[in-house]
Structure formats: C-alpha cells, structure tokens
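The values are calculated or read from the model by the stated rules, or taken from the named source; none is laboratory data. As the structure is a prediction and not an experimental result, all values here were calculated from the model. Cβ coordinates were reconstructed from backbone atoms using ideal geometry, including for glycine residues, and neighbour counts include every protein chain displayed.
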Amino acid sequence: MAKVKTVKDFFMMYVDGFKTLSKTSKVLWILILVKLFIMFAILRVFFFPNFLNSVASTEEEKAQYVIEKLTSE
C-alpha cells in the first residue's frame, strides 16, 4: 500500500473509493447525507433556538446571565 504524501493524495484516495462503490452503496450514502443535513440544519432551527438572544442583547448582559445561572443554587 502506497503512503499518502500530500493532501491531494489523501482526498483522491476517498474520491477513488467513492467512484468504485456499487449503486446500492451510493444510494445509502446519499440517504445518510440527507439524514445528517435534516438533523443538523433543519431540526436545529426549530428545536434549538438561540435562547441567549431572547434574554439579553449585549455580550456583557449575556455573560452576566450565564454567570448568574451557573453560580445560583
């Protein structure tokens, strides 16, 4: 097995590997990528809003709010 000498060789190794996949494997990889996109891009917007922006407007106020929540019992 040849050693990877450059960054280009590293990426070409993966490109060659994906080119030789069967049709079923390519479809599975597409499904995996679509699922990851849905999980991290779309669901994040709806289920994880930026809460600190609704509590405080400046960076100092946000820092103070976090410190209060961390140190309160």
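The number of residues in the range 52-73 being loosely packed, with under 10 Cβ neighbours inside 10 Å and of a type outside the set (G, A, S) comes to 9. Return yes or no: is T24 at pLDDT 90 or above, over 26 Å from the mean Cα position of the chain (by Cα) and exposed (fewer than 10 other Cβ atoms within 10 Å of the Cβ)? For T24, the condition - at pLDDT 90 or above, over 26 Å from the mean Cα position of the chain (by Cα) and exposed (fewer than 10 other Cβ atoms within 10 Å of the Cβ) - is not met.
Restricting to the range 35-73, and then to whatever is over 26 Å from the mean Cα position of the chain (by Cα) and acidic (D, E), can you tell me which residue is modelled with the lowest pLDDT? Among those residues, the one meeting the criterion is E73.
Can you confirm whether L31 is of a type in the set (A, V, I, L, M), surrounded by fewer than 11 Cβ atoms within 10 Å (Cβ to Cβ) and modelled with pLDDT of 85 or more? Step through it out loud before you land on a result.
Details: of a type in the set (A, V, I, L, M): yes; surrounded by fewer than 11 Cβ atoms within 10 Å (Cβ to Cβ): yes; modelled with pLDDT of 85 or more: yes.
When the stated conditions are applied, L31 passes them.
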